[in-house]
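The values are calculated or read from the model by the stated rules, or taken from the named source; none is laboratory data. Computed from a predicted structure; not experimentally measured. When we count neighbours, we look across all protein chains shown, and the Cβ atoms used for this are built from the backbone with ideal geometry, even at glycine.
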Amino acid sequence: MSIAVAVCGFSQKITITVSAQGKSVSASPDDENNDKVLVLQRSAAAAAAHLVAKVNKEEISAGWKRTFVVYDNEDKEIITLDSMKTNCYGVPLQALLPVLQQPKQYALYTIVLPEDPQKAMEVRIARQLVCKIQVTD
């Protein structure tokens, strides 16, 4: 008899700093993070501004990749952050803010998946809350 064991592709010792418009929130995927809220101002969105998630002390195993996704209260995927450089992900505020409505709160989650689509289908992956996002005028 053989037993299949899934080995986690990353370390939980990381911290993630989410920043935009001169504000930032730091969180650890180990924490609950429901009280971490990044408030964005629609009127303060500069043309080149981004929402950025920077991963510190990342230790992903080869063959795995991290993604960041914003979800609404109904668990609908709103937008995915793009990889900007090593351990740094982002989305232009000009793309994000028009799809976020007031006074709703949104959630930014991170997910670590195998790069191989077949392996990704075989592994149960839990998303981890990084922070909440709220928009004001």
* Of all strands (runs of 3 or more DSSP E) completely enclosed by region 31-120, which ones contain at least 2 residues that are in contact with a helix residue (DSSP H, G or I) (Cβ under 7 Å, 6 or more places away or on another chain)? -> 50-56, 77-85, 105-114
* To do: Scan region 20-30 residue by residue and report those that are in a strand (DSSP E or B) and under 20 Å from Gln101 (Cβ atoms).
  => Ala20, Lys23
* **Residue that is farthest from the chain's Cα centre (by Cα) [pool: residues in region 94-137 that are surrounded by 12 or more Cβ atoms within 10 Å (Cβ to Cβ) and of a type in the set (Lys, Arg)]** => Lys119
* Asked: Within region 32-52, restricting attention to residues that are of a type outside the set (S, T, N, Q) and modelled with pLDDT under 90, which residue is nearest to Asp137 (Cα to Cα)?
  -> Arg42
* To do: Determine, yes or no, whether Val91 is at pLDDT 90 or above, farther than 22 Å from Glu32 by Cβ, aliphatic (A, V, I, L, M) and more than 10 Å from the chain's Cα centre (by Cα).
  => yes
* Qualifying residues in region 53-83 (those that are of a type in the set (A, V, I, L, M) and either within 11 Å of Leu108 (Cα to Cα) or at pLDDT below 95 (or both)) - the one surrounded by the most Cβ atoms within 10 Å (Cβ to Cβ) -> Ala53
* Asked: Any idea which residue in region 1-31 is farthest from Gln128 (Cα to Cα), counting only those that are at pLDDT 95 or above and crowded, with 19+ Cβ neighbours inside 10 Å?
  -> Ala20
* Would you be able to tell me the number of residues in region 27-60 that are in contact with a Lys or Arg (Cβ under 7 Å, 6 or more places away or on another chain), under 20 Å from Met84 (Cα atoms) and basic (Lys, Arg)? => 1
* Within region 114-132, considering residues that are among the hydrophobic types (A, V, I, L, M, F, W, C) and at pLDDT 90 or above, the one farthest from Ser61 (Cα to Cα) -> Cys131
